[in-house]
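Asks: Dropping a structure here in structure tokens format, bear with me for questions.
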């Protein structure tokens, strides 16, 4: 239900920001995408789950291709299409096996089956090494496409990963944990070196989604709580950051950070940017903080030495968020006389976000609520008879 509410909020904010007339095709794509996303979150059958999971690609692809700003939108659309389709075809075969049409699954191929199954969801999460399409799609997409990508479509992969990821152990478990942590560190370093504002926000999304991957593959109850909270927190914060990036681009017609010094130096905009980046870096009492604390607990319980890498991720996250704030809110002031049409819509969308964020946060920190969700997920996964996968063989739970 939280993801359904989040979907409505993101699409409402997208319409507020896109107050300029975009044409009937834009509105048709938005309504179609909202319908597909709601059907996906409310699906109870694996085949319908897969159909809506794949169907969400079509409106998103059209948003990027028809409403993108630069000629590179064709390359971004191809990356989005190829990564999603190539990773989802093995997922369809596995869903057919799990649905009972092919009753026998060889234990010798169980590890490869799990890898292909999780790959289909991790491409849309996305996890490091299969994240290449995300920065390209974000940079070339219009503000509506970026808000939907960050707020909704990344949650489709995370939601599928939470529901269908088997209980991992052995080599497979430590492979995913190591890849998530090192990927978060590398993407954090890339954020520091980024000159493109939307690229910086896109790579920070990869860092946050690494937290979701760590929580899910840990197999712990507190890990699932960590993943669920980060999904909600990132879905509220990241679309608003892309709305701010759109305001900056509307005033200067460039996304290069060095050319936008002081573009948000007015008191109200500077305050909004500060709140958004504080939430993004996990300042108390934001939901991001609770999610990262739970991630620390679940990861350290499995690998004590990992505390050093987690501290590095948290520290570098503070560095690139402060770098963005200092760059955009200091130095000279920009003239917003030509962009007044977007000023108040941005304030309205951010106000709705700030009102929704504490509401979701209050419910997220109650352990009874999280335990109920974890128990529901456990019962659902057991009803699917998902295997427990080790580095050597597959055992039925």
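Asks: When ranked by the protection proxy of mean other Cβ atoms within 10 Å per residue, highest first, what sequence do the peptides 151-163, 248-260, 271-283 form? Write out the running numbers ahead of the final one.
Replies: On the way: 151-163: 23.4, 248-260: 15.9, 271-283: 20.2.
With the highest mean Cβ count within 10 Å placed first, the list reads 151-163, 271-283, 248-260.
Asks: FRET efficiency for residue 308 and residue 25, Cβ-Cβ distance as r, R0 = 41 Å, nearest 0.05?
Replies: On the way: r = 50 Å, r/R0 = 1.23.
It comes out at approximately 0.20.
Asks: Students often check this: by mean Cβ neighbours within 10 Å, which of 63-71, 226-234 ranks highest, and how do the rest follow? Could the numbers behind the result be given before it?
Replies: Details: 63-71: 17.2, 226-234: 27.3.
The most tightly packed comes first, giving 226-234, 63-71.
Asks: Here's another thing I want to ask about it. What are the semi-axes of the equivalent ellipsoid for the range 189-303, taken as the square roots of 5 times the Cα gyration tensor eigenvalues, largest first, in whole Å? It would help to have the intermediate numbers written out before the result.
Replies: Values: eigenvalues 187, 41, 22 Å².
Largest first, the range 189-303 gives 31, 14, 10 Å.
Asks: Subtracting the Cα-Cα distance from 0.36 nm times the residue separation, let me have the gained length for residue 46 to residue 293 in nm, one decimal. Could the numbers behind the result be given before it?
Replies: Numbers: separation 247, 0.36 × 247 = 88.92 nm, distance 3.27 nm.
That works out to 85.7 nm of additional length.
Asks: Something else about it: I'd like the FRET efficiency for residue 266 and residue 4, computed as 1/(1 + (r/R0)^6) with the beta carbon distance as r and R0 of 56 Å, rounded to 0.05. Let's see the in-between values first.
Replies: On the way: r = 35 Å, r/R0 = 0.63.
Here the calculated transfer efficiency is 0.95.
Asks: Distance from the Cα centre of the range 225-265 to that of the range 280-326, in angstrom?
Replies: Each part reduced to its Cα centre gives a spacing of 19 Å.
Asks: Now, a different point. Å³ per residue of the Cα convex hull, for the range 24-66? Walk me through the intermediate numbers first.
Replies: Numbers: hull volume 2.0 nm³, N = 43.
Dividing the Cα hull volume of the range 24-66 by its residue count gives 45 Å³.
The numbers here are math on the coordinates, done by the rules we state, and not lab data. Please read these numbers as outputs of a predicted model, since none were measured by experiment. Reconstructed Cβ throughout: ideal geometry from the backbone, glycine too, with neighbour counts over all protein chains shown.
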